[in-house]
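Trainee: Okay, here's the structure, questions in a sec.
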Amino acid sequence: SISTQLANQRVKSTAATIANALKEAKVESIVRRQNVTVVYTDTSTPKTIKLRVNNTDISSYNISDKSTVTQTITPSTVTSPVFQPNKKIVGDATVLYTICDSGSDSEIPKQVNLTNIANVNTITAGSC
């Protein structure tokens, strides 16, 4: 159906936005030689992913209100991924973002995976 197609397109778009934000954070941390924190906020309208250096926003991405993003950080003691100039994530953390859509019950979920060595991968996986 058209609503499922639209939902799938939103899921793809949100996954691409998250992946781009993570890749930008990696590059910015290297270029600036400073830590860059990635902050996902789902309580604002629109939902956002912001890149911060020393508590100052350097970049911001908006996420569709219909997108449902689940952020799973391992270890759970880490609250936000922090990219270091040495291409590693503080605390050896890994992050999995699972993206679904509230506009459909049959959308195809996507996942954006951030490894502890700052690699970013997008795959079709997860459940909504």
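Trainee: For the chain, which longest stretch is free of loop sites, where a loop site is one of the trypsin sites (Lys or Arg not before Pro) that DSSP puts outside H, G, I, E and B and that has at most 15 other Cβ atoms within 10 Å?
Mentor: Between exposed loop sites, the widest span is 34-86.
Trainee: Still on this structure, please answer the following. Work out from phi, with θ = phi - 60° and the Karplus expression 6.51 cos²θ - 1.76 cosθ + 1.60, the ³J(HN,Hα) of each residue of the stretch 75-91, listed in order in whole Hz, and give x for Gly and Pro.
Mentor: Per-residue couplings from phi come out as x, 5, 6, 8, 9, 9, x, 10, 7, 9, x, 7, 6, 10, 9, 4, x Hz.
Trainee: Could you state the principal axis extents of the C-alpha atoms in the stretch 1-94, from the largest down, to the nearest angstrom?
Mentor: Per principal axis, max minus min of the Cα coordinates gives 47, 26, 22 Å.
Trainee: Over 18 Å between Cα atoms: which of Lys50/Lys110; Lys26/Lys47; Lys66/Lys110; Lys87/Lys110; Lys23/Lys88; Lys12/Lys88 fall into that group?
Mentor: Lys50/Lys110; Lys26/Lys47; Lys87/Lys110; Lys12/Lys88
Trainee: Express in whole angstrom the spacing between the alpha-carbon centres of the stretch 25-72 and the stretch 91-127.
Mentor: 15
Trainee: Same structure again: What's the extension gain from Ala125 to Thr70 if we count 0.36 nm per residue and subtract their Cα-Cα distance?
Mentor: Net length gain for the segment: 18.5 nm.
Trainee: If the elastic network links every pair of Cα atoms under 10 Å, which of Val38, Val27, Val112 fluctuates the most in the Gaussian network model of the chain?
Mentor: Top of the fluctuation ranking is Val27.
Trainee: Now, a different point. Once the dipole of the chain is set up with Lys and Arg at +1 and Asp and Glu at -1 on Cβ about the Cα centre, which of Pro75, Tyr61, Val36 lies farthest towards its positive end?
Mentor: Of Pro75, Tyr61, Val36, it is Val36.
Trainee: Gain in length, Gln84 to Arg32, computed as 0.36 nm per residue apart minus the alpha-carbon separation, to one decimal in nm?
Mentor: Result for the pair: 17.7 nm of gain on full extension.
Trainee: So, one more: Could you derive backbone 3J(HN,Hα) for the stretch 42-52 from the dihedral phi with the Karplus parameters 6.51, -1.76 and 1.60 (θ = phi - 60°), listing whole Hz in sequence and x where the residue is Gly or Pro?
Mentor: Calculated HN-Hα couplings, in order: 9, 9, 9, 10, x, 5, 9, 10, 10, 9, 10 Hz.
We did not get these values from a lab; they are worked out from the coordinates using the rules stated. What you see is a predicted model, and the numbers here were worked out from it, not measured in a lab. We place every Cβ from the backbone using ideal geometry, glycine too, and count neighbours over all the protein chains shown.
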